[in-house]
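Here's the structure we're looking at; comments come further down.
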Amino acid sequence: MTMPTPDPESDQPADLEAMSFEDSLDALERIIQRIESGETSLEGSLAAYQQGEQLIRRCRELLFEAEQRIETIRLDDLPPDPSEPERS
């Protein structure tokens with residue numbers, strides 16, 4: 001299933017909440033290439049930059065969630081502390 005990607009030529013951002021980390025990163029890379037190539041106007045570059053900022057926030061959010069999941073998995077794998085009473 002293909003996730004929505006932001007259109008750097010549009011003022012309307014895609015549904016970032018539905019984008020995977022990989023899709024967000026790919027879209028960010030395309031925005032960077034477009035800005036660096038100079039093939040868009042100043043206003044288009046500014047709009048693309050704003051979308052890039054949103055994508056960076058989305059990537060950070062997804063990375064934070066992944067780190068939290070890893071931490072939970074690591075804590076679940078720890079042997080029980082013999083000094084703590086057992087939980088029922």
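The values are calculated or read from the model by the stated rules, or taken from the named source; none is laboratory data. Model, not experiment: these values are computed from the prediction. Using ideal geometry, Cβ is built from the backbone for each residue, glycine included, and neighbour counts are taken over all protein chains shown.
Structural remarks
- The set of residues in region 37-72 being modelled with pLDDT of 95 or more and of a type in the set (Val, Ile, Thr) consists of ILE56 alone.
- Residues satisfying the stated conditions in region 41-86, i.e. under 21 Å from ASP23 (Cβ atoms), surrounded by 12 or more Cβ atoms within 10 Å (Cβ to Cβ) and among the small types (Gly, Ala, Ser): ALA47, ALA48, GLY52
- Search result, residues across region 39-88 that are touching a residue at least 12 places away in the same chain (Cβ under 8 Å) and outside any helix (DSSP H, G or I): THR40
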